[in-house]
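Step one of this worksheet: look at the structure below.
The values are calculated or read from the model by the stated rules, or taken from the named source; none is laboratory data. The structure displayed is predicted, hence computed values, not measured ones. Using ideal geometry, Cβ is built from the backbone for each residue, glycine included, and neighbour counts are taken over all protein chains shown. Just so you know, the surface numbers come from the protein's heavy atoms only, side chains and all, with ligands and any DNA or RNA stripped out. Shrake-Rupley method; radii C 1.70, N 1.55, O 1.52, S 1.80 Å.
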Amino acid sequence: MMAEKRTLTTHRDLYFEEFQVGQSVISAGRTVTEADVVGFAALSGDWTTIHTDAVYAAQQPFGQRVAHGLLGLSIASALVVRLGLIEGTVLAFREIDEWKFSLPIYLGDTIRVRATVSETKLMRRLGGGLVAFKVAILNQNDRIVQRGTWRLLVKTQEGE
């Protein structure tokens with residue numbers, strides 16, 4: 001017997017009580033561009049040549065420039081926010097656990113996020129509940145390029 005696949009509803013502003021372990025959602029895709037890499041290099045100060053020098057990168061094991069790993073993580077965070085599930089109910093991004101950078105993200109790759117609720121825990125003293133998500137960033141070939149766990153503090157309905 002196959003396990004029931006539960007999808008998160010896509011209405012906006014879910015409260016802590018509305019999240020259930022096993023619920024899953026997949027974001028829209030977003031293509032990583034030259035402008036993204038240059039902008040991130042300028043913002044972060046990370047001008048490492050594997051990201052910014054095409055001639056150098058062509059001679060390295062990946063054979064081309066790769067996006068900054070933290071750029072991929074930043075885009076993933078934005079893709080989750082675009083879903084609108086926590087737009088008005090998130091209180092804090094609390095933790096990132098066991099984050100793995102498994103494969104490179106190349107310029108021109110289109111990435112999206114799969115997030116599955118893995119844990120919920122009421123945290124009254126913090127004014128909400130902790131929702132843990134197993135997160136995978138997927139490229140256009142459905143290969144996992146990054147993965148780990150995000151923990152967010154989300155408002156409770158009683159806190160409204």
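From the gyration tensor of the Cα coordinates in the range 102-147, what semi-axes in whole Å does the equivalent ellipsoid have, largest first, with each one equal to sqrt(5λ)? Don't skip to the answer; put the middle values down first.
Values: eigenvalues 192, 17, 11 Å².
With the √(5λ) rule applied to the range 102-147, the semi-axes are 31, 9, 7 Å.
If you average 1/r across every pair of different Cα atoms in the chain and take the reciprocal, what Kirkwood value do you get, in Å? Let's see the in-between values first.
Numbers: mean 1/r = 0.0592 Å⁻¹.
Radius from the Kirkwood sum: 16.9 Å.
Out of the total accessible area of the range 42-160 (probe 1.4 Å, heavy atoms of protein only), what percent is carbon and sulfur? Summing carbon and sulfur atoms, their accessible area is 50 percent of the total for the range 42-160. Among the chymotrypsin sites (Phe, Trp or Tyr not before Pro) in the range 16-119, those located in a DSSP loop and surrounded by at most 12 other Cβ atoms within 10 Å of their own Cβ are W47, F62.
Under the definition of Cα pairs under 8 Å and six or more residues apart, what whole-number percent is the relative contact order of the chain?
Values: 324 pairs, mean separation 46.4, N = 160.
Over the chain, the number comes to 29 percent.
Relative to the dominant Cα principal axis of the chain, helix 34-44 is inclined by about 70°. Mean residue ellipticity, 222 nm, helices only, the chain: the sum of -39500 (n - 2.57) across DSSP H runs of n ≥ 4, divided by residue count and rounded to 500, is -6000 deg cm²/dmol.
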